[in-house]
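As structure tokens, the structure follows; a few thoughts come after it.
Every number here is computed from the coordinates shown, using simple stated rules; none is lab data. Here the structure is a predicted model, which is why all the values come from computation and not from measurement. Cβ placement follows ideal geometry from the backbone for every residue including glycine, while neighbour counts extend to all protein chains displayed.
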């Protein structure tokens, strides 16, 4: 992993030092990684974009090999099968450390040990089903991020518990990509509403990113990004229906069941894509009132948010002034500003 990355970065460095400046070309491509389709838009001369594309492929391949909960031999897989024994991590310790920090600061609204419940509902590839109240109570009892011990690159998870880094993995990889591709203008769409804007567009204007309407197929708003990331969590993304009830994949760690917080979606904007991913999930679990208070209480996390309730009400935080606007066809909707 390190040798391949060093070779690619060396080639990119030599190209930069050569001083060859050409009008930026636009290179677009897609890739299937981390169980989703990702789209990339790169601007630069042909050689730089070619090297950046190679770096993206290597990073996605290498991190998927260690972060996937379903891939045999990954860090996560080995931890989940260790039966309480310590495991030496091979590439995920930094992400695990950051994930645990987010679990702690959100008081467990984000909890990476909810994987047994995710599987029980069928959201990890199994057949969808509704667990019984007794099963949910048992599953909830196994969700507790504080039971994880991380010392350096060694992690210990109690027997009977399992972790999943899916709520933060794409954001973490997005941060890595942004810092490694060697371009000053690129848009990295990592799928499932995780977006990283590297710089601005070549003309200096910000990237304009649509925010999905939870009740439809279109976009109800546009957020302008430059050197920022955006992540959205919503009940519309992965769900199933049974007996007229909709069950979505965002689970409340306290109940091991889909979070019923009154929200339909949460979008988070931050310089860190990992923060966007983790907090969009946590804020969805918290609900509007607690989520807004969390934003007020944690300015150190450097994030802004857009909340959409199940009734269709729209709330945004004050820091999005000038970068948030309603999309065409939604101009008559009211937007409440949280301060």
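Give me the log10 of I(q) over I(0) for the range 24-84 at q = 0.16 Å⁻¹, as the Debye formula computes it from C-alpha points; what are the numbers?
-0.60
Take the alpha carbon gyration tensor of the range 67-144, find the square roots of its eigenvalues, order them as a ≥ b ≥ c, and report rounded if a/c is under 1.5; if not, report prolate when a/b exceeds b/c, else oblate.
Verdict is oblate for the range 67-144.
How big is the C-alpha Rg of the chain next to the rule-of-thumb value 2.2 N^0.38 Å, as a ratio?
Cα-based Rg divided by the globular estimate yields 1.01.
When all C-alpha to C-alpha distances in the range 194-339 are sorted into bins of 10 Å, what percent of pairs does each bin hold, rounded to whole numbers?
Spelled out per bin, shortest first, that is 12, 43, 34, 10, 1, 0.
Specify the inter-centroid distance of the range 288-321 and the range 147-191, based on alpha-carbon positions, in whole Å.
A separation of 24 Å, based on Cα centres.
How much FRET efficiency would the formula 1/(1 + (r/R0)^6) give for residue 336 and residue 85, where r is the Cβ-Cβ distance and R0 is 45 Å, rounded to 0.05?
Calculated value: 0.35.
Using a Förster distance of 56 Å, how high is the FRET efficiency between residue 50 and residue 135, based on the Cβ-Cβ distance and rounded to 0.05?
0.65
Under a GNM of the chain (C-alpha, springs under 10 Å), which listed residue has the highest mean-square fluctuation: 281, 232, 156?
Highest fluctuation among the options: 156.
Hey, what number do you get for the chain at 222 nm if only DSSP H runs of n ≥ 4 count, each worth -39500 (n - 2.57), divided across all residues, to the nearest 500?
Value at 222 nm, helices only, nearest 500: -10000 deg cm²/dmol.
Determine which residues of the range 278-294 fall in the zone a paramagnetic label at residue 126 would reach in this model, i.e. backbone nitrogen under 18 Å from the point 7 Å along Cα→Cβ.
Output list for this probe position: empty.
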